[in-house]
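Accompanying notes for the structure given below.
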Amino acid sequence: MSDQSDMTRNGLAFDAAKFVALEPVLRAAQKIGALSGAPIDQIIGHALWFAKAIPSSAKRVIDLGSGAGVPGLIVAFERPELELVLVDRRSGRTDLLSRSVLALNLDSRVSVKCSEIGDLVRDSNFFKRFDAAISRGLGPPLETLRLSRDLVKLGGVVIISEPPPTTQSRWNPEDVSSLALDGPVRHGAVAMFHVKQSD
């Protein structure tokens with residue numbers, strides 16, 4: 001990161017010193033191809049939109065397709081009151097992620113799970129157990145939304161990375177409504193959907 005103590009990326013300001021311990025973890029992930037080669041400041045700035053969009057009432061959050069820990073690790077740094085589960089289907093990624101969680105002393109509130117998302121929604125320990133589900137680039141948008149919704153409690157939120165605001169919305173209101181979701185509400189680089197309490 002640069003020497004500036006206050007970085008602004010994607011319209012969001014942050015204190016670079018707060019994330020200094022995370023920089024070597026993210027750079028190591030870039031070296032092995034687990035994370036894009038974008039500047040670390042931009043990666044953190046984008047991920048902070050997830051932290052900002054998660055409601056203050058949330059306690060448990062699941063990061064789907066976490067890969068190198070983005071956005072989950074950044075959310076963990078920014079929102080220390082949250083308990084997070086970082087999920088990826090590739091054991092090589094989750095092994096690296098588990099070591100990163102330990103090295104960053106986050107293991108008291110951040111856990112790592114190697115699993116297909118479809119398997120998690122059939123597991124009573126995960127089905128409808130989270131206040132929020134977040135994902136950066138998991139797969140087809142509507143499928144991501146459906147699987148995420150199945151992991152979130154009624155009244156919770158699903159937060160998904162979005163293309164630049166200048167592009168047309170990729171969300172068909174009828175498709176979203178058919179999943180018992182309201183939204184999307186755009187928060188900078190992410191879209192938030194509310195899991196309906198009842199129909």
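Looking at segment 149-177, which of the residues that are under 20 Å from His46 (Cα atoms) and in contact (Cβ under 8 Å) with a residue 24 or more places away in the chain is surrounded by the fewest Cβ atoms within 10 Å (Cβ to Cβ)?
The qualifying residue surrounded by the fewest Cβ atoms within 10 Å (Cβ to Cβ) is Arg170.
Do we find a residue being acidic (Asp, Glu), under 25 Å from Val157 (Cα atoms) and in contact (Cβ under 8 Å) with a residue 60 or more places away in the chain anywhere in segment 81-90?
No, segment 81-90 has no match at all.
Condition check: of a type in the set (A, V, I, L, M) and either in contact (Cβ under 8 Å) with a residue 40 or more places away in the chain or surrounded by fewer than 18 Cβ atoms within 10 Å (Cβ to Cβ) (or both). Does Leu181 satisfy that?
no
Scan segment 42-98 for residues that are at positive phi and touching a Gly at 6+ places or on another chain (Cβ under 9 Å) and jot them down.
Gly65, Gly67
Anything in segment 130-159 that is of a type in the set (Lys, Arg) and within 15 Å of Leu86 (Cβ to Cβ)? List them, or say none.
Once the filter is applied, which keeps residues that are of a type in the set (Lys, Arg) and within 15 Å of Leu86 (Cβ to Cβ), segment 130-159 yields only Arg136.
Any residue in segment 98-120 that is part of a helix (DSSP H, G or I), buried (at least 20 other Cβ atoms within 10 Å of the Cβ), modelled with pLDDT of 95 or more and in contact with a strand residue (DSSP E or B) (Cβ under 6 Å, 6 or more places away or on another chain)?
There is at least one residue in segment 98-120 that is part of a helix (DSSP H, G or I), buried (at least 20 other Cβ atoms within 10 Å of the Cβ), modelled with pLDDT of 95 or more and in contact with a strand residue (DSSP E or B) (Cβ under 6 Å, 6 or more places away or on another chain).
So if I check each of Ser36, Ser56, Ser66, which one is out of contact with any His (no Cβ under 8 Å at 6 or more places or on another chain), without any contact (Cβ under 8 Å) to a residue 24 or more places away in the chain, closer than 19 Å to Met192 by Cα and polar (S, T, N, Q)?
Just one listed residue meets the conditions, Ser56.
Tell me yes or no: at least one residue of segment 70-89 is crowded, with 20+ Cβ neighbours inside 10 Å, of a type in the set (Gly, Ala, Ser) and modelled with pLDDT of 95 or more.
yes
Would you please list the contacts, defined by Cβ atoms under 6 Å and residues six or more apart or on different chains, that run from a residue in segment 119-140 that is over 12 Å from Ile62 (Cβ atoms) to a residue that is assigned to a loop (DSSP other than H, G, I, E, B)?
Arg136/Pro71
Given the options Asp41, Asp15, Asp63, name the one that is under 10 Å from the mean Cα position of the chain (by Cα) and either crowded, with 18+ Cβ neighbours inside 10 Å or at pLDDT below 95 (or both).
Asp63
Restrict the check to segment 76-91 and report whether at least one residue is among the hydrophobic types (A, V, I, L, M, F, W, C) and part of a loop (DSSP other than H, G, I, E, B).
yes
So which residues in segment 42-93 are closer than 17 Å to Ala28 by Cβ and of a type in the set (Asp, Glu)?
Hit for segment 42-93 is Asp88, nothing else.
The values are calculated or read from the model by the stated rules, or taken from the named source; none is laboratory data. Since the model is a prediction, treat every value here as computed from it, not as a measurement. Ideal geometry is used to build each Cβ from the backbone, glycine not excepted, and the neighbour counts take in all protein chains shown.
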